[in-house]
Amino acid sequence: MKKKRQLPPGYGDNDDYVLQRDEGRSAPFANTSRPALSKSTWTAPPPSKKKMSAVFLSQEQTQILRLAEEGHSLFYTGSAGTGKSVLLREIIKALRKKHSKNDDAVAITASTGIAACNIGGVTIHSFAGIGLGIESAEDLAQKIRKNKKSSSRWLRTKVLIIDEVSMLDGDLFDKLSRIGSILRKKIQPFGGIQLIVTGDFFQLPPVTKGGAETKFAFEATLWKQAISRTFNLTKVFRQHDQVR
Ligand SMILES: Nc1ncnc2c1ncn2[C@@H]1O[C@H](COP(=O)(O)OP(=O)(O)OP(=O)(O)O)[C@@H](O)[C@H]1O
């Protein structure tokens, strides 16, 4: 039976920023209630001899960037073209600068190899050193301990970025969180690592295991504990004729 799609918890909980519930998103691309493509998006800055920043983040993007810099664990989403990737690149830049003394502080990962490539990262499986990740969290943690590279990565990471989270299985999210707690000897989810998670749960779902029912990451037991803020980007930047 087809699973009913639902929004992650936290939508609308947050009063720092407008988190608009976009009811129309259960029928992606076919709904008129989505924000109209903005005409006043961005005009290229005038040519100048001085090096200028190419991106001017919107107010909602800036708000998320600021919270990421302050160390909050957050999830942000938004439909296609709302600038999730652009924002992620800015967050990575800012957090790398913040943790410039530790090269391993910012771990950039995604649920799939292609998505990871797009952001210059690795898959979450590769970061975690879990292989296929079939074993229990305890067994996997034991295995990771024997691998110096993987275990030191877990210990040195301060921020874990996960892109395309819609394709990450909820049980795996819980497992990774427990592994982090075991290896870092801290009870908090992911052993206290800051999480920056993004993706669109209305785009790509997790891969099914031989037809088995999949659990979205936001349905994970530890999702709510691990993610303190949830944001929905609403301003669409991509124009109709723009190719992805
Ligand atoms: N703050 C901004 N100012 C101007 N243009 C922006 C801004 N943010 C994003 N864009 C532009 O909007 C387009 C879509 O951005 P981006 O690819 O980051 O969206 P996305 O949400 O990741 O889309 P998708 O989910 O389809 O991958 C790009 O052309 C990008 O350059």
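The values are calculated or read from the model by the stated rules, or taken from the named source; none is laboratory data. Computed from a prediction, not measured in an experiment: that's the story for all the values here. Cβ: placed from backbone, ideal geometry, glycine included. Neighbour counts: every protein chain shown.
Quick notes
- Flag for residue 88 being modelled with pLDDT of 95 or more, within 12 Å of the ligand (Cβ to nearest atom) and touching an Asp or Glu at 6+ places or on another chain (Cβ under 9 Å): yes
- Among the residues examined, residue 171 qualifies as more than 16 Å from the ligand (Cβ to nearest atom) and either more than 20 Å from residue 78 (Cα to Cα) or assigned to a loop (DSSP other than H, G, I, E, B) (or both).
- The set of residues in the stretch 94-107 being within 24 Å of residue 200 (Cβ to Cβ) and either within 14 Å of the ligand (Cβ to nearest atom) or modelled with pLDDT under 95 (or both) is empty.
- Cβ-Cβ under 7 Å pairs, at least 6 apart or on other chains, the stretch 45-73 side within 22 Å of residue 106 (Cβ to Cβ), far side β-branched (Val, Ile, Thr) and modelled with pLDDT of 95 or more: 55/86; 65/91; 68/91; 68/196; 73/227
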